[in-house]
Amino acid sequence: MPQAHFRIVAQIVFRLLRSTTFRRWALALVLPFAGVVTAFGIAPDTVTDTVPRTDVIENVILPSVMTVAEPEAQAYWREERVQRGDTVARLISRLRINDADATAFLNSAPEARALFQLVPGRSLHAATTEDGKLLSLHYLHGERLLTVERDGETFTASDTPVELETRVMSAAGEIRSSLFAATDALNIPDAVAMQMVELFSTEIDFHKDLRKNDRFTVVYEALHDRGDAVGAGRVLSAEFVNQGRTLNVVWFETKPGEGAYYTLDGRDIRKAFLRSPLEFSRVSSGFTASRYHPILHVSTAHKGVDFVAPIGTKIKATADGIVDFAGVQNGYGNVVILRHQTKYTTLYAHMSGFASGIQRGSRVQQGDVIGMVGMTGLTTGPHVHYEFRINNVHHDPLSVAMPTASPIAPEHRQQFQQAAAPLARTMHLLRDATPSTFE
């Protein structure tokens, strides 16, 4: 009988040991005691670390963040970015300036007029007292800094040049609708896009030749002030793949301040003459042997091309040259005539005015502004009448064979190759990149 009881108990114990629930319950009871044994496995006060230690105490004097002579002199700095449609009054309100004297000064001081030339995206920094009195105001416009300072109960304003930090930026893009839509999507400044148009305008008609999926890369200088992008500098290199044709340019200086754009094999990208003196325009009248004059009402030869553009549009020299004439000339109105080399001359008529420094004998370079589009002389609308002459014989500037510019001089070729190599590598890396901008 006792043996039967023993067998029953043994079976129960065996089943419990095979039970997962029982094993978890048993571990829960045993583990705390095992932890106690582990915790006291080393006797108290036993030394296990023999590395010597030395306490070092050093008094550090922290710099004062702001020294305030009087509580009312404490400044609160705020920054606001100019938004589209902003006025000076709105910005003053957002900067929490509550100072009638300051507002009156800003509205009346001639030195502070730059504040009213608000450009979206640029920043204003203002320091005020707790109750909104203006202590100072800073506005960077272009490459100049407007500073307004309080001196007791009066204010002073200064508008001075500022030293900007130049950073090199790289971008790769793809044409979906237009070049400017692509550059806007990448936050590339319009000034850089305009430079690209000028650089490739002798090979690409940006009105007609662009195709969807054309690609471009550009390396350019970006101007910064205290971390904020405030403008664009020069394009250093660019590449355009238009309808499967790859065009590239790099900037190279033979001496500081004197340089030009060349292809990677050293050819000057400029033609000796540009086809048009305007960046964007349309032709209203072409070169023809007989045209009905809208004012004189007679048929006469039209020995130039009329490019229509709004009044004030900049007119640029189509080639390097010397001003042969600048003044008023019969039906041409305000006119400039440039002489290029020995046998070429170009004429620009109906200007609203001349650029600064344009007078007989002054030198100009290709792309220099020589005047603005107007309606002076015999004309029915704003445009520039452009003529191209070889040995005083008129030729159609849109079809005449233009002489090419000289290639890079042999003595500068090695220097050019060394300067162009890193720019060429950058363009190669960007060529197949996802459209983006890099710093």
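Restricting to the stretch 204-220, and then to whatever is surrounded by 18 or more Cβ atoms within 10 Å (Cβ to Cβ) and charged (D, E, K, R), can you tell me which residue is farthest from the chain's Cα centre (by Cα)? Here the residue is D214. Taking the stretch 169-191 only, how many residues are under 16 Å from R234 (Cβ atoms) and either touching a strand residue (DSSP E or B) at 6+ places or on another chain (Cβ under 6 Å) or assigned by TED's automatic domain parsing to the domain that holds A114 (or both)? Total meeting the criteria: 6. The set of residues in the stretch 223-267 that are at pLDDT 80 or above and basic (K, R) comprises R234, R245, R267.
Residues in the stretch 346-399 that are over 30 Å from the mean Cα position of the chain (by Cα) and over 19 Å from V305 (Cα atoms) were compared, and the one that is surrounded by the fewest Cβ atoms within 10 Å (Cβ to Cβ) is G361.
Number of residues in the stretch 89-115 that are of a type in the set (S, T, N, Q), free of Cβ contacts under 8 Å to residues at least 24 places away in the same chain and farther than 17 Å from E79 by Cβ: the value is 3.
Can we say E70 is modelled with pLDDT under 85, of a type outside the set (K, R) and within 30 Å of M427 (Cβ to Cβ)?
Details: modelled with pLDDT under 85: yes; of a type outside the set (K, R): yes; within 30 Å of M427 (Cβ to Cβ): no.
It is false that E70 is modelled with pLDDT under 85, of a type outside the set (K, R) and within 30 Å of M427 (Cβ to Cβ).
The values are calculated or read from the model by the stated rules, or taken from the named source; none is laboratory data. Keep in mind that this is a model prediction, so the values were computed, not measured. Glycine gets a Cβ as well: all are built from the backbone with ideal geometry, and neighbour counts include every protein chain shown.
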